[in-house]
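K.L.:
Mind looking over this structure? Questions follow.
The values are calculated or read from the model by the stated rules, or taken from the named source; none is laboratory data. All of these numbers come straight from a predicted model, not from anything done at the bench. A quick note on method: Cβ atoms are made from the backbone with ideal geometry, for glycine too, and the neighbour counts reach across all protein chains shown. The accessibility values were calculated without ligands, DNA or RNA, using every heavy atom of the protein model including side chains. Shrake-Rupley method; radii C 1.70, N 1.55, O 1.52, S 1.80 Å.
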Amino acid sequence: MNGKYIIHDTIGSGGYSTVYKCTDVIGVRYAIKQLPKSKNKRARIQQEIHIMKMLKNSPKVVTFRDAGEDDENFYIVQDLCRGGDVKDYIGNYENYAENTVASVVRGVLRGLVHMHGLGIIHR
């Protein structure tokens with residue numbers, strides 16, 4: 001993205017995007033979501049960016065930082081969450097105390113309640 005970010009290791013991938021760790025030119029770490037234009041329509045990406053901007057400073061929601069594109073991909077830069085994948089975190093829930101699992105669920109529900117209050121439905 002115009003040399004503003006250096007892309008590093010893959011964090012995860014799905015049907016429509018791949019997410020990488022990245023750093024900006026001064027070394028601040030972020031996550032960058034790469035969305036191939038062959039699989040993603042501009043309108044959907046613009047809607048995702050609009051929603052992320054609406055959720056700025058929301059509890060338990062990752063923060064949007066930047067966006068851009070090149071000939072082949074759209075890019076969305078957001079804060080890097082260092083805790084890992086939530087599926088990995090709670091995958092062996094029998095190893096966690098009930099109050100730990102309840103705390104995680106409470107955090108997810110707080111984020112959803114905030115989004116719903118703004119008229120956003122998370123799928």
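K.L.:
GNM, the chain, Cα, under 10 Å: largest mean-square fluctuation among G111, G27, G12?
P.N.:
With Cα springs under 10 Å in the chain, the top fluctuation among G111, G27, G12 is at G27.
K.L.:
With θ taken as phi - 60° and the coefficients 6.51, -1.76 and 1.60, list the Karplus ³J(HN,Hα) couplings across the range 113-121 in order, rounded to whole Hz; mark glycine and proline as x.
P.N.:
4, 4, 4, 5, x, 8, x, 9, 9
K.L.:
Also, quick follow-up: Relative contact order for the range 1-117: what percent, with Cα pairs under 8 Å and sequence separation of 6 or more?
P.N.:
Over the range 1-117, the number comes to 20 percent.
K.L.:
Out of residues 5 or more away from I11 or on other chains, whose amide H comes under 5 Å of its own, with H placed 1.01 Å from N in the peptide plane?
P.N.:
Counting only residues 5 or more places away or on other chains, the set is V19, Y20, K21.
K.L.:
Once neighbouring chains are kept in place and the probe is 1.4 Å, which whole percent of the accessible area of the chain is contributed by carbon and sulfur? Walk me through the numbers before you get to the answer.
P.N.:
Numbers: 4430 of 8710 Å².
Percent of accessible area from carbon and sulfur atoms in the chain: 51.
K.L.:
So, one more: Once you charge only the Cβ atoms, +1 for Lys and Arg and -1 for Asp and Glu, what is the size of the charge dipole of the chain about its Cα centre, to the nearest 20 debye?
P.N.:
420 debye
K.L.:
Picking from Y30, Y16, Y96, which is most flexible by a Gaussian network model of the chain using Cα springs under 10 Å?
P.N.:
It is Y96.
K.L.:
Counting only pairs 8 or more places apart or on different chains, how many lysine pairs in the chain have C-alpha atoms closer than 23 Å?
P.N.:
For the chain, the number of qualifying lysine pairs is 21.
K.L.:
I would also like to ask the following. Taking the chain as the reference, fit the longest principal axis to its C-alpha atoms, fit the long axis of helix 42-54 to the helix C-alpha atoms, and give the angle between the two in degrees, 0 to 90, nearest 10.
P.N.:
Tilt relative to the chain: about 50 degrees.
K.L.:
Turning to a different aspect of this structure: Under a 5 Å amide H to amide H cut-off, with H placed in plane at 1.01 Å, what residues pair with A67 once short-range neighbours are removed?
P.N.:
For A67, whose amide H was placed from the backbone, the distant partners under 5 Å are V77.
K.L.:
Sort K37, K53 by accessible area with a 1.4 Å probe, largest first. Don't skip to the end; give the middle numbers.
P.N.:
On the way: K37 65, K53 125 Å².
Reading off the accessible areas and sorting them downward yields K53, K37.
K.L.:
Now for a separate question. Under a 1.4 Å probe, what is the accessible area of the chain per residue, stated in Å²?
P.N.:
Details: 8710 Å² over 123 residues.
Value returned for the chain: 71 Å² of accessible area per residue.
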